[in-house]
Every structure is written in structure tokens, then in C-alpha cells.
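**Student:** I have a structure here, written as C-alpha cells, and I will follow up with some questions on it.
The values are calculated or read from the model by the stated rules, or taken from the named source; none is laboratory data. Being a predicted model, the structure only gives us computed values, none of them experimental. All Cβ positions, glycine included, derive from the backbone under ideal geometry; neighbour counts span all protein chains shown. For accessibility, only protein heavy atoms count, side chains too; no ligands or nucleic acids. Shrake-Rupley method; radii C 1.70, N 1.55, O 1.52, S 1.80 Å.
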Amino acid sequence: MNYKQFLDLKLSEIGVGTYLGNTDDATNESYKKTIKKAFEYGVNVVDTAINYRDMESERVVGEVLKEIGRENLIVSTKGGYFPRDRRLKVSDIAKYLRENFIDTGIVNPEDITPYGNIITPKYIDWSFEKSLENLNTDYIDIYFLHNPEDQLQIVDKEKFYRKLWTVFRLLEGKVNEGKLRYYGLATWNGFRVPPDNLQHLNLFEIYNIAKEVGGENHHFRFIQLPYNLSMTEAYTLKNQFYNGSYYSTLELANILGIYTYISAPLLQGRVLRNFNDEVKKLFKVEKDVHVPIQFVRSTPYVGTVLIGMSKVNHAIENLEVENYPLLTKEEFEALFK
């Protein structure tokens, strides 16, 4: 397994994602076995979110942490969407939301986007503490605000930045309490759309908000965004303005000292093809599934590639890509020519 040294963390090049799957016990057990098997192969990064599988994904990760030791995994989770809780068996979700969040003052209805996104200090505080409980841990390594660009559907950019400022202050407080190591933004559209798009996020402006809140030693050090054979914007689109020039998101993250997690490298299987032998030779691999993974892991400035893996056999096959050398920078750039 290749590892990336970043600040005080040594992160595996490939991490386990826990987004998909049913909320039943059988899927829980399958995820548990898969994460443990990936760990045996050298994977030490696991990514989850409070809303994944109605909180069950976080709980599975918590069970694994208890078995293999908290210090052995770098765990990231996310908050920003209202989560269902499988174990409460709530039949009327609207009533539950109203009675437990709106009536208690944790959530203001005006702060909820049409897709259920909530980025406020009170809600993120609740979400963060609930994630600690689900993960059965005293601290979270990286806490992501989940698709915060969704807020731009209901507020303008100025108000959005004020929201980020208040939530960053909360998260810096979590760091000071010893409950958090680093934080960041996990996005879908924000960092891969053109600057004139409503949901576009300027990484440097957000970085400056973190500096204003936390000083030079702020803890906004991670971002997450999709990147794959079909969605190459993170590398190819010059949409980030900084110091008089435009850069791609991956380029600017590298300049600013921000580590990048890549989501959807296989796009839930939609970029898998029966690649011919010439293509596989070009990518220095032997199996079809390794072509899209090799593409992402060979991209300059990519940190950790998060692959959704809920079955042991899939994990073993995906991790076989580590047996092959990365493409050189010249070989990678030649793909686009």
C-alpha cells in the first residue's frame, strides 16, 4: 500500500467509502468484514457520514474501531443533511423532525434547503456529537461539512460565507476540546463547476475564512470531491481564481496545503467497461476494474481515493491495483492528448 504523509497523518492511498447499501444487519456485517479485510491490506482511511444508511455506516465503523483499535484508522465523517435513524423506527419523519429539531431550536426551518441540507452551528454541533456517539470514539480525524454548496440555493454568497465562518468557529472549538483533528468540505458540485455556476465554491476565499477564524494554524485542511473518467473537472477545469490566475481545484489545493479526498472514482460502476488490451496496457493494469482506479490514483495532487466497498471480494480485487506502478506524470498527461 502506498501512503501519503500529510501534516501529522500517514494516509493510505486508497480508502473505504461506506455510502451505499441496505440498512439491514446483513449489510452491516458485510461492511464490517470488508473494512477489516481492507485494513489487513494496509488501508487505514475510512470515510462515512451521519446520513449514510440511516446512521448504520457510522455505527459499523465504530464497531471496527473497537475491534482493531482507534489509533489504527483515520476516520472521516460528514454532517449537513438531516439523517434518519434506523434504530428509532420512526414512521412519521416530518413529525420527528419538527418535535426533535425545530421545536427544540436546533434547526430553523429557514435554514433547510429543498434537499434537506442544514449548515448552522447548532445543527452541526448536534450532528458532530451524534457522530461521536455512533462511532464510539472520543475524537474524529476529519469532519466534513456535507455538500455545503447546496445552501447557495437559498442564500447569497455573502450570507453563505457568514454561515461558514460561524461553523468553522464551532469546529475550531471542537479541535481545542480534543474532539477533532481537522475539518473540511465534502462537495459534489461546488469545486467542479465553472465560476459563473450558482453552486461554485472559491477555495481560496474559503481558506481565508478559516484563517480569519483560526489564524495561520487553522485546521481547514481537507476537501472531498468527485473525480473519475467521466468527471475530470477537478483536474481539467481551471475554475479557481488565486493570485491573478486560474487553477484547477487539485492544483490550488496543493498550493494551499489542503489534502484532497476523491469520491466516486468508479461512479457507482458507471465508468466500468470491457476495456481492450491496448487500453489496459496503456494504464499498466490487467483487469478492467483497475483502469478507472489507476486513472484517479495516478492524477497529480490526488490524496486518497475513496472507493465504496461493502463486499470482501470487491475490496480484495480493487486493492490489487496496488501491485501495479502508477503512471508517470508524462504518461498521465499523454492520456489527454
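**Student:** Give the whole-number value, in cubic angstrom per residue, of the convex hull volume spanned by the C-alpha atoms of the chain.
**Tutor:** 136 Å³
**Student:** Then there is this: Measuring from label point to label point, each 7 Å out along Cα→Cβ, what is the Y3 to S230 span in nm?
**Tutor:** Once both label points are built, they end up 3.5 nm from each other.
**Student:** Among DSSP bridges having both ends in the stretch 196-298, what percentage is antiparallel? Round to the nearest 5.
**Tutor:** Rounded to the nearest five, the antiparallel share is 40 percent.
**Student:** Considering only DSSP beta bridges whose two residues both sit in the chain, what percent are antiparallel, to the nearest 5?
**Tutor:** 20 percent
**Student:** Counting alpha carbon pairs within less than 8 Å and at least 6 residues apart, what relative contact order, in whole percent, applies to the stretch 44-125?
**Tutor:** 29 percent
**Student:** Explain nothing, just the number: relative contact order of the stretch 240-337, from Cα pairs under 8 Å at least 6 residues apart, as a whole percent.
**Tutor:** 29 percent.
**Student:** What's the magnitude of the charge dipole for the stretch 187-298 around its Cα centre, counting Lys and Arg as +1 and Asp and Glu as -1 at the beta-carbon? Answer in Debye, nearest 20.
**Tutor:** 360 debye
**Student:** Same structure again: Which percent of the accessible area of the stretch 241-312 is formed by carbon and sulfur heavy atoms (probe 1.4 angstrom)?
**Tutor:** The computed percentage sits at 47.
**Student:** Express the accessible area of the chain per residue in Å², computed with a 1.4 Å probe while the remaining protein chains stay in the model.
**Tutor:** Accessible area per residue: 44 Å².
**Student:** Moving on. Quick one: the Cα spread of the stretch 159-225 along its three principal axes, in angstroms, biggest first?
**Tutor:** 38, 21, 18 Å, listed from the longest principal axis down.
**Student:** If I take every Cα pair under 8 Å that is 6 or more residues apart in the chain, average their sequence separation and divide by the length, what percent do I get for the relative contact order?
**Tutor:** About 17 percent, as a whole number.
**Student:** Using the Cβ atoms and a cut-off under 11 Å, what net charge is assigned to the surroundings of Y259, where Lys and Arg are +1 and Asp and Glu are -1?
**Tutor:** So the surrounding residues net to +2.
**Student:** Now for a different question. Per the 1.4 Å probe, what fraction of the accessible area of the stretch 22-61, in percent, lies on carbon and sulfur atoms?
**Tutor:** Whole-percent figure for carbon plus sulfur exposure: 41.
**Student:** Additional query: How large a share of the accessible area of the stretch 109-198, in percent, is made up of carbon and sulfur atoms when the probe is 1.4 Å and the other protein chains stay in place?
**Tutor:** Percent of accessible area from carbon and sulfur atoms in the stretch 109-198: 48.
**Student:** Ok, one more. Putting +1 on Lys and Arg Cβ atoms and -1 on Asp and Glu Cβ atoms, find which of L9, G178, N22 reaches farthest to the positive end of the dipole of the chain.
**Tutor:** Most positive-ward Cα: N22.
**Student:** Where a ≥ b ≥ c are the square roots of the eigenvalues of the C-alpha gyration tensor, would you call the stretch 75-157 rounded, which needs a/c under 1.5, or, failing that, prolate if a/b is larger than b/c, or oblate?
**Tutor:** Oblate, because a/c is 1.5 or more while a/b does not exceed b/c.
**Student:** Label N276 and Y115 with points 7 Å out from Cα along Cα→Cβ: what is the distance between them in nm?
**Tutor:** Result for the modelled spin labels: 3.8 nm.
**Student:** Once label points are set 7 Å from the Cα along Cα→Cβ at both A26 and R98, what is their separation, rounded to one decimal in nm?
**Tutor:** Between A26 and R98, the label points sit 3.7 nm apart.
**Student:** Give the shape of the stretch 137-296 as rounded, prolate or oblate, defined through the alpha-carbon gyration tensor: a ≥ b ≥ c are the square roots of its eigenvalues, a/c under 1.5 means rounded, and otherwise the shape is prolate if a/b is larger than b/c and oblate if not.
**Tutor:** Cα axes put the stretch 137-296 in the prolate bin.
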